[in-house]
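Asker: One structure, as structure tokens, below. Some questions next.
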Amino acid sequence: MKKLLLTAIMASLMVTGVQAKEWKQVRVAVEGAYPPFNSVDANGQLHGFDVDITNALCEQMKVKCTIVKQDWDGMIPGLLARKFDAIISTMDITEERKKSIDFSQKYQHVPAHFAAKTGTKIELTPAFMKDKKIAVQRATSMDTYVTDNFPDATIKRYGSYDDAYLDLKSGRVDYVLADTASVMEGLVNKSNGAYSLVGPGLSDKKWFGEGAGVALRKGDTDLKNMFNKAILDIRANGKYKQINDKYFKFDVYGE
């Protein structure tokens, strides 16, 4: 009797569709304002490391991907509202985010770094940072880090780092905190020595997580497994290195 009952339950589950979803099309959100990971060119087209990685992962998974430009503030709400199925936009895997969404394994891990006018001193203590003006992108790991560690600093939050860099150049803020590769590309390398990295690289898991992963809705386990396998596959077949070397002189995957 128990065997017959189990068979009936399994048959019922199959009929009602409780089985692996077959993903043939995936909508992926990318910000487009965080070079070299993602940005928009003069023709309005998204490009950068995240875009190339998205295309490589989708090709490896043999699915059709549609890339959607999405402002950072709307990333997680848009994912939960099913405006898209995944986020590949240098989003750090943190415990706080995992309360509402899921992640693949990491596909890159770059430390964060402060940047400032060349010659500027920095000490990562609450006393030193008191009354200093620090620019971060809103709702990022960098935002959480400065909020938790420098309660007496003036934290200026921006929708994109382009605006943060402009305020640093105009003297309205003292420091910008961003991913090392991004602040090098977006500010330091373009400044002819006027701006530099200051202080150590930051990678404490409490604030910066385990690296950046593909963000997904909880419950989309089949899609998560597909991305996990595809990340390992493109690391193994050389496609990841090809994309990596197009943008960076080091392995952005990290340790």
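Asker: Identify the single condition in (1) touching a residue at least 60 places away in the same chain (Cβ under 8 Å); (2) in a loop (DSSP other than H, G, I, E, B) that Asp162 does not satisfy, given that it satisfies every other one.
Answerer: Answer for Asp162: the failing condition is (2).
Asker: In addition: Please work out which residue is surrounded by the most Cβ atoms within 10 Å (Cβ to Cβ), limiting yourself to the range 64-80 and to residues that are out of contact with any Ser or Thr (no Cβ under 7 Å at 6 or more places or on another chain) and not in a helix (DSSP H, G or I).
Answerer: Among them, the one singled out is Gln70.
Asker: Answer with yes or no whether Phe114 is open to solvent by 30 Å² or more (accessible area, probe 1.4 Å), farther than 25 Å from Asn225 by Cα and of a type in the set (Phe, Trp, Tyr).
Answerer: No; evaluated as a whole, the condition is false for this residue.
Asker: Residue by residue through the range 173-192, note down the ones that are assigned to a loop (DSSP other than H, G, I, E, B), under 13 Å from Ala116 (Cβ atoms), open to solvent by 10 Å² or more (accessible area, probe 1.4 Å) and of a type outside the set (Asp, Glu).
Answerer: Within the range 173-192, Ser191 is the sole residue that qualifies.
Asker: On to the next question. Can you name the number of the only condition in (1) under 20 Å from Arg217 (Cβ atoms); (2) surrounded by 18 or more Cβ atoms within 10 Å (Cβ to Cβ) that Lys83 fails?
Answerer: The single condition Lys83 does not satisfy is (2).
Asker: Continuing with this model, one more query. Quick one: is Asp50 in a helix (DSSP H, G or I) and either in contact with a Cys (Cβ under 8 Å, 6 or more places away or on another chain) or free of Cβ contacts under 8 Å to residues at least 40 places away in the same chain (or both)?
Answerer: When the stated conditions are applied, Asp50 does not pass them.
Asker: Here's a follow-up. Considering only the range 194-214, state which residues are in a loop (DSSP other than H, G, I, E, B) and open to solvent by 50 Å² or more (accessible area, probe 1.4 Å).
Answerer: Hits for the range 194-214 are Ser203, Asp204, Glu210.
Asker: With the requirement that a residue be outside any helix (DSSP H, G or I) and within 20 Å of Ser191 (Cβ to Cβ), what does the range 133-154 give you?
Answerer: Across the range 133-154, the qualifying residues are Lys133, Ile134, Ala135, Val136, Gln137.
The values are calculated or read from the model by the stated rules, or taken from the named source; none is laboratory data. Quick caveat, the model's predicted, so the values are computed rather than measured. In this analysis, Cβ positions are derived from the backbone assuming ideal geometry, glycine residues included, and neighbour counts consider all displayed protein chains. To get the accessible areas, we keep the full protein, side chains included, count just its heavy atoms, and leave off ligands, DNA and RNA. Shrake-Rupley method; radii C 1.70, N 1.55, O 1.52, S 1.80 Å.
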